[in-house]
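The structure appears right after this line, and notes come after that.
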Amino acid sequence: MIKTKSQIAVDIIAKIGKWLFIAFFLLMTLVPIIWLIITSFKSNLEYETEPLGLPKVWQWSNYAKALNMSGLPRLFLNSVIVAVCTTALNLIVSAMGGFALAREKFKAREPILSLLLAGVLIPIIAFMVPYFSIATKLKLYDSLLILIIVYAAINIPVSLFLIYGFMSDIPKELEEAAVIDGCSFSQRFTRVVFPLTKPGLVTAGTLVFIYCWNEFTYAMLLTSSVKSRTLQLGIRFFKGQFVVDYTSMLAAIVLTMIPTIFVYIFLHDKIISGMTAGAVKG
Amino acid sequence: MRNKNWKQICLFLLPALLLYAVFFIYPLFYVFITSFTQWNGIGSMKFIGFKNFTDLFANETFRISLKNNFIWSFALGFIQIPLATIMALVLARKPKGWKVYRTVFFLPNVISQVALAMMWTAIYNADGGILNSLLSAVGLESLTRNWLGDMGTALGAVIVQQLFYIGYFMVVILASRMGISESYYEAAEIDGANVWQQEIHISLPNILPILITSVTLAMAYGMRHFESTFLMTNGGPAHATSVLGIMLYQNLGALKYGVGNAIGATLIVLGGVLIMTIRWLLNKKSQKMMG
Amino acid sequence: MKKLLTVCLIIALAVPSLVFAQGSGEAKSQEIVLKWPSFWVGADTKAAPITELVNQFNEAHAGSIKVEIEENPDTDGYRDKLNAQIAAGIVPDIFILNVDPTTLQFFEGDLLMDFTEDLKGDWGNGFLDGTLNAVTVDKETKAIPYEMAYTPIWYNTDILKAAGVDKIPETMDEFWTMCDKVKAAGYIPTVQMTGGTNAWTSMIWYSHLCAALGGPDVWQKDFATDPVFVQAAELLNRMYQDGNTSKDAIGAGPGDAGGHYLAGEAAAFSNGPWYIARVKNEAPAVYDATEISTAPGINYSGAQTGYLLSALAAANTTDPARRAAVVEFMKWMTTGENAKKVSEAAGSILAVKADITSTDRIQTQFFQAVADASFVVETFSAKFPVDVVAEFGQALAKMAQGKATPEQFVAQIASVM
């Protein structure tokens, strides 16, 4: 197809615009991360007085302090267990519920859907007292299990929202074909819909994993001893009543960021690009 | 007519509904009931009817917070989402290095808000922060100011900071966009449609459900926004950046459970109304678009 | 596939519950276990000496009483958790109470152990004057005073000398002259901040100004109507204008504020004894130049601000053995000798009368300042509930940028009282 001069000019402008757009957001995204890493090598005085310069002396001791955080391996293990189990529980529950809501018509459908989705509006911070109450009544206070259950529940509205959205996109014909082939209700789920929703599941799962990894308020509220403490609570040890060891805290934050970045890069990217190789529509 | 699969439907819905009932419905009852009382968490609850609500609506801080929440919702829903959509559409065309960009853009969501807040406070610092230093360096010294302390700029500053973080929704929209078969685009290309036309006629209609979902979700986040503002300005200066979430937290901290939960109840009700309205409007518009 | 899902679900729930769920509840026959959630852990200077004291206590009472510290270093989180626990009807065995009108509400009902009777006599006499009053509501004393906060004014004498100021200002006129000279020499006269949860440095200044204007009973006056509070606001406001403070003061948090002083940029500052170690370690030049003093006098002079920072409280119990154990522990923590240990190791000032020999120059000045003070007044943050204190910072930010007059400042705060 031959392009006219003006079309070529528009193309070039569009191309420049596109790259500027990408470059701008790359900058906005990377600058904070680079700043974080640089600051984690500064002394606290430098952070408070010269937050934007390079450290005069690279304080590797901050990382030593972060690594020496008491119980670090245990905290790491706890965070991993909570994140993995919560994600599994949340995805299964949301996928099942999403399937029923997205692929079936029944009278109670709209009300139930609205009810569950309304949960995204709720400021979870308002639930401290009831959640504490529930944890103690179930005798699960200070356990990893309560964190798993609570986190899985908290993320149902968002996961369901996403998974329901992705499931709605699947053409009815695929399921109808499966039914003709003799699939039962559950088999429609396990053989047709669940596999096809993988992008949605992976997206929702990534978000849940990261939520669990970074969550602080309820981890603090519902646990107290080392056996159920997560990394986020460990990081707070650098915060005293009047004096905060900001730079060691940042070192600890950088360290805890690394696993989540790996999870995102390897799991999410690989699976998404694998899955979208075979398109759903068309 | 009852759906013949109703037994399996119930079974599939049961886990989600059970967890939801325990961790959302039950606490919601608690929130709504206590919002009609005066309670400090220790003594007995004193039923005072709608007084908390009438006091709230007469309270200037509340009105400012509510207004700010609406601003947040619309900013996230109608600025952040479009930006995320554009980026998703750009990356879906797989420009060089697109996988790297996709990963990078999501990174801020992986970092704890505490670190991000520390970073942005340093950027906005009035006394040599990055923004002011940059402005001075290019000769725009007159534009330098105390971004987070000046009542006129504080809200804008905290909102703009969040608007840049398009990674979360970009990933969602990108996943949907990449589910559209390439063959459509190839056919359109052959027919002479340029990129712009392809995006409007192929991409947008197909990702519309996810777009509406994303806008709804973003608006919901706007209504319950709390963390980044709390960490950067604590609702200040003079409540200029205050949002309902912060007011709620402060009231709970002051042992005013009745007031705090009234704020929570209001947030949920008003937010629900707002979002259902927007959703209904968007759905109508999309139906018109689809013909 | 469905079976696989079910199995996954079961594993996801079962593994953690079987392996990790409930570990507590070691049924020791008669040992009384007292759980003490505490934020005097980790980086806190009191962590080491207090842990040592607890260990000594446990050794001395091995088999009968055991105190277990549960670490929760985040003070805001600690407070949130305590509030949630109490609202759910559960009180920790022993806990730290940051004393203010909001937390004193915990005294209502029967949640906390009442020490009134136990304190009559020698034990009660061992506390500094006024501290027991601070934890007594309706004649019931349900907490044991522990740590004091004194917040005098700190001056960087190097800066004063460089600016040609030969002595620490004693009147407001001298103070403003000092500010002008310090500005001219290129330094920041006063550190101020409107941020954080209580606009700490500015709040302390305001308290000093109120004391200087209204005397020892200033907080008995009606905040909404007494002109003293507006006058103090005018003075505080002036400290924000004309370069009398740093450019980032509005919205600044304690880190930024302290940073200016540590960097040797600011002449006048205020903070408590816990900050001494910080200055000594991170800014030794500033440490050497620091002198502790009073704020300028106006109608009254020589005042200091200080209050009971924290107290130890305990859950009420009907079990007499348990009660005795708690009282035993409280007494142990507040003996003169043990208070001395903590004080000397951490630099804190405790509410217990103790014969402290300080080796630190600035800490000695602190003690001297308190002893020499004509009277001591609580800070605003100790006198009023947390939401009023929060409003202080908000109103201050508004006044400081010219959007509210001092009268409006006072009115805004009074409206939430």
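Sorted largest first by accessible area at a 1.4 angstrom probe radius, with every protein chain in place, the residues C:ARG278, B:ARG145 fall in the order B:ARG145, C:ARG278. When the surface is traced with a 1.4 Å probe over the full set of protein chains, B:ILE48 keeps roughly 40 Å² accessible.
In this rough spin-label picture, where each label sits 7 Å from Cα along the Cβ direction, the B:LEU134-A:CYS183 distance is 5.0 nm. Amide H contacts for C:LEU350 (H built 1.01 Å from N in the peptide plane; partners 5 or more residues away or on another chain; cut-off under 5 Å): C:MET148.
Spin-label pair B:TRP6-A:ARG191: with each label point 7 Å from Cα along the Cα-Cβ axis, the two points sit 2.7 nm from one another. Across the cross-link table entries B:LYS256/C:LYS221; C:LYS139/C:LYS221; B:LYS51/C:LYS221; A:LYS198/B:LYS7; C:LYS142/C:LYS331; A:LYS137/C:LYS66, which are compared at the Cα atoms, the separations over 18 Å belong to B:LYS256/C:LYS221; C:LYS139/C:LYS221; B:LYS51/C:LYS221; A:LYS198/B:LYS7; A:LYS137/C:LYS66.
A simple spin-label model places pseudo-atoms 7 Å from Cα toward Cβ; at C:GLU234 and B:LYS96 they are separated by 6.9 nm. A 1.4 Å probe over all protein chains sorts A:VAL80, B:VAL110 by accessible area into A:VAL80, B:VAL110, starting with the largest.
Taking R0 as 51 Å, what's the FRET efficiency between C:ALA162 and B:LEU18 from their Cβ-Cβ distance, rounded to 0.05? Intermediate values should be presented prior to the final figure.
Numbers: r = 70 Å, r/R0 = 1.38.
Step by step, r from the Cβ atoms, then E = 0.15.
For a straight C-alpha distance cut-off of 18 angstrom, the lysines reachable from C:LYS403 (same-chain residues fewer than eight places away being disregarded) are C:LYS247.
Averaged over the residues of peptide C:292-305, the number of Cβ atoms from other protein chains lying within 10 Å of each residue's Cβ is 0.
Mind checking the full-extension length gain between C:ASP355 and C:TYR300? Use 0.36 nm per residue of separation minus the Cα-Cα distance, one decimal, nm. Provide the component values of the computation, followed by the final result.
On the way: separation 55, 0.36 × 55 = 19.80 nm, distance 3.00 nm.
Computed gain between C:ASP355 and C:TYR300 is 16.8 nm.
For a modelled paramagnetic label at B:LYS51, 7 Å from Cα along Cα-to-Cβ, the residues of the stretch B:243-259 in reach, with backbone nitrogen under 13 Å, are B:258-259.
Over the stretch A:70-281, Cα pairs under 8 Å with separation of 6+ residues give a relative contact order of 33 percent.
Defining a contact as two alpha carbons under 8 Å apart and six or more residues distant in sequence, what relative contact order in percent does chain C show?
Values: 684 pairs, mean separation 100.1, N = 417.
Relative contact order of chain C: 24 percent.
May I ask for the longest run of chain A untouched by trypsin sites (Lys or Arg not before Pro) that are loop-located per DSSP and have at most 16 neighbouring C-beta atoms (other than their own) within 10 Å?
On the way: sites that count: A:LYS3, A:LYS56, A:LYS105, A:LYS107, A:LYS139, A:LYS281.
No qualifying site falls inside A:140-280, the longest such stretch.
Under 17 Å of direct C-alpha separation, and excluding same-chain neighbours fewer than eight residues apart, A:LYS65 reaches these lysines: A:LYS42, A:LYS239.
What shape does the stretch A:139-221 have by the C-alpha gyration tensor, where a ≥ b ≥ c are the square roots of the eigenvalues, rounded means a/c under 1.5, and otherwise prolate means a/b greater than b/c and oblate the rest?
Details: a/c = 4.05, a/b = 2.42, b/c = 1.67.
Since a/c reaches 1.5 and a/b is larger than b/c, the shape of the stretch A:139-221 is classed as prolate.
Between B:ALA262, B:ALA92, B:ALA187, the Gaussian network model of chain B with springs among Cα atoms under 10 angstrom shows the greatest mean-square fluctuation at B:ALA187. Using the Cβ-Cβ distance between A:ILE258 and C:LYS403 with R0 set to 35 Å, the FRET efficiency from 1/(1 + (r/R0)^6) comes to roughly 0.20.
Using the alpha-carbon atoms, what tilt in degrees (0 to 90, nearest 10) does helix C:361-372 show relative to the longest principal axis of chain C? For C:361-372 against chain C, the angle is about 80 degrees. Here the scattering of chain C is modelled by Debye summation over its C-alpha atoms, one equal scatterer each and no solvent; at q = 0.06, 0.10, 0.12, 0.15 Å⁻¹ the log10 of I(q)/I(0) is -0.29, -0.74, -1.00, -1.42. The calculated FRET efficiency for B:GLU189 paired with B:ASN59, based on their beta-carbon distance and R0 = 60 Å, is about 0.55. Largest GNM mean-square fluctuation among B:SER73, B:SER65, B:SER181, using chain B with Cα springs under 10 Å: B:SER181.
Within the same chain, aspartates and glutamates fewer than 8 places from A:LYS18 are excluded, and of the rest, those with a Cα less than 18 Å from its Cα are B:GLU199. Using a probe of 1.4 Å, the accessible surface attributed to A:ILE122 totals some 0 Å² when neighbouring protein chains are kept in position. Build a GNM of chain C with springs between Cα atoms under 10 Å apart, and of C:ALA268, C:ALA232, C:ALA345 the one that fluctuates most is C:ALA345.
Put simply, the amide H of C:LEU97, placed in the peptide plane, has neighbours under 5 Å in C:ALA311, C:LEU312, C:ALA313, leaving out anything fewer than 5 places away on its chain.
With viscosity set to 1.002 mPa s at 20 °C, what whole-number translational diffusion coefficient in µm²/s follows for the protein assembly as shown from Stokes-Einstein and a Kirkwood radius over Cα pairs?
Numbers: Rh = 30.4 Å.
After rounding, the answer is 70 µm²/s.
Stretching the chain fully between C:ALA60 and C:GLN368 yields a gain of 107.3 nm (0.36 nm per residue, less the alpha carbon separation). The long axis of helix C:227-240 is offset from the longest Cα principal axis of chain C by roughly 80 degrees. With a cut-off of 17 Å, note down the residues of the stretch B:190-209 whose backbone N falls inside the zone around a label point 7 Å from the Cα of A:LYS15 toward its beta carbon. Only B:194-196 pass the distance filter.
Which shape class applies to chain A: rounded if a/c is under 1.5, otherwise prolate when a/b exceeds b/c and oblate if not, where a ≥ b ≥ c are the square roots of the Cα gyration tensor eigenvalues?
Details: a/c = 2.48, a/b = 1.22, b/c = 2.04.
Judged from the Cα gyration tensor, chain A comes out oblate (a/c at least 1.5, b/c at or above a/b).
Candidates A:CYS212, C:PHE57, C:ILE69 compared by Cα position along the dipole of the protein assembly as shown: farthest toward the positive end lies A:CYS212, with charges placed on Cβ. Among beta bridges from DSSP that stay inside the protein assembly as shown, the antiparallel ones total about 65%. The angle separating the long axis of helix C:47-60 from the principal Cα axis of greatest extent in chain C is about 30 degrees. Heavy-atom accessible surface of C:ASP93, to the nearest 10 Å², is about 40 Å², with a 1.4 Å probe and all protein chains retained.
The values are calculated or read from the model by the stated rules, or taken from the named source; none is laboratory data. All of these numbers come straight from a predicted model, not from anything done at the bench. Cβ coordinates were reconstructed from backbone atoms using ideal geometry, including for glycine residues, and neighbour counts include every protein chain displayed. Ligands, DNA and RNA are stripped out before the accessible areas are found, and what is left, the full protein with its side chains, is counted by its heavy atoms. Shrake-Rupley method; radii C 1.70, N 1.55, O 1.52, S 1.80 Å.
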